[in-house]
Amino acid sequence: MSRSYSAIHVHLVFSTKLRRPFLKDPTIRTEMHSYLGATSKSIGFQPLIVGGVEDHVHMLCQFGKQRSQSEWVKELKRVSSIWAKQRDPALDNFSWQIGCGVFSVGRDELDTVRNYIRKQEEHHKIVSFQDEFLRLLHEHDLEWEERDSWDE
């Protein structure tokens with residue numbers, strides 16, 4: 001076979017530092033989601049949907065072949081932090097929290113995850129980010145360490 005193919009989909013979740021509501025303004029939030037999607041695409045991770053609320057982001061993407069997961073997330077956070085600070089002086093202190101969650105998504109789950117991301121504002125009227133993230137860890141059989149901090 002002369003070509004390589006990949007059909008791996010992932011659900012990425014990461015938050016602002018201290019979960020500060022940097023993305024409260026709907027216009028800035030929409031622009032950030034678009035920027036993250038374009039950046040992801042430019043580095044080989046095809047976005048299917050980007051969404052979230054004022055303090056965190058969800059991305060459903062087709063995993064790229066050229067970069068590692070950690071390189072992808074590091075670059076997304078790096079360039080979007082620069083963008084935010086240049087976009088609005090009120091975002092001068094913008095930064096992302098250390099760490100993230102990257103969860104595998106089967107082909108049959110793509111529409112479910114897309115809809116879940118699409119309905120984030122509605123979802124977070126009922127469920128906190130911490131509860132949401134712990135549920136995702138549990139669903140994927142990942143252990144949570146008490147020493148892990150929400151405040152980094």
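The values are calculated or read from the model by the stated rules, or taken from the named source; none is laboratory data. Predicted model only: the values in this text are computed from it and were never measured. Quick reminder, even Gly has a Cβ in these numbers, built from the backbone with ideal geometry, and neighbours come from all protein chains shown.
Every residue in segment 20-40 that is of a type outside the set (Asp, Glu), closer than 20 Å to GLU75 by Cα and in a helix (DSSP H, G or I), please.
Listed by number, the residues that qualify are ILE28, ARG29, THR30, MET32, HIS33, SER34, TYR35, LEU36, GLY37, ALA38, THR39, SER40.
Does any residue of segment 70-84 turn out to be free of Cβ contacts under 8 Å to residues at least 12 places away in the same chain, touching a helix residue (DSSP H, G or I) at 6+ places or on another chain (Cβ under 8 Å) and either closer than 17 Å to ARG29 by Cβ or not hydrophobic (A, V, I, L, M, F, W, C) (or both)?
No, segment 70-84 has no match at all.
Considering (1) closer than 12 Å to VAL13 by Cβ; (2) surrounded by fewer than 18 Cβ atoms within 10 Å (Cβ to Cβ); (3) without any contact (Cβ under 8 Å) to a residue 60 or more places away in the chain; (4) not basic (Lys, Arg), say which one ASP141 fails and leave the rest.
Only one criterion is unmet by ASP141, namely (1).
Taking segment 37-66 as the search range and keeping residues that are at pLDDT 95 or above and β-branched (Val, Ile, Thr), which one is nearest to ALA7 (Cα to Cα)?
For segment 37-66, the residue satisfying everything is ILE49.
Just a yes or no: is a residue in segment 87-98 under 16 Å from the mean Cα position of the chain (by Cα), assigned to a helix (DSSP H, G or I) and either without any contact (Cβ under 8 Å) to a residue 12 or more places away in the chain or surrounded by 11 or more Cβ atoms within 10 Å (Cβ to Cβ) (or both)?
Checked segment 87-98: no residue is under 16 Å from the mean Cα position of the chain (by Cα), assigned to a helix (DSSP H, G or I) and either without any contact (Cβ under 8 Å) to a residue 12 or more places away in the chain or surrounded by 11 or more Cβ atoms within 10 Å (Cβ to Cβ) (or both).
Sort out which residues of segment 60-86 are part of a loop (DSSP other than H, G, I, E, B) and among the hydrophobic types (A, V, I, L, M, F, W, C), and write them in order of number.
The one that is part of a loop (DSSP other than H, G, I, E, B) and among the hydrophobic types (A, V, I, L, M, F, W, C): PHE63.
Restricting attention to segment 44-68, and to residues there that are without any contact (Cβ under 8 Å) to a residue 60 or more places away in the chain and surrounded by fewer than 15 Cβ atoms within 10 Å (Cβ to Cβ), which single residue is farthest from LEU12 (Cα to Cα)?
GLN66
So, in segment 8-40, of the ones that are out of contact with any His (no Cβ under 9 Å at 6 or more places or on another chain) and within 16 Å of GLN69 (Cβ to Cβ), which residue ends up surrounded by the fewest Cβ atoms within 10 Å (Cβ to Cβ)?
Among residues in segment 8-40 that are out of contact with any His (no Cβ under 9 Å at 6 or more places or on another chain) and within 16 Å of GLN69 (Cβ to Cβ), the one surrounded by the fewest Cβ atoms within 10 Å (Cβ to Cβ) is ILE8.
Within the bounds of segment 109-132, is there any residue that is in contact with a Phe, Trp or Tyr (Cβ under 7 Å, 6 or more places away or on another chain), outside any strand (DSSP E or B) and at pLDDT 95 or above?
no
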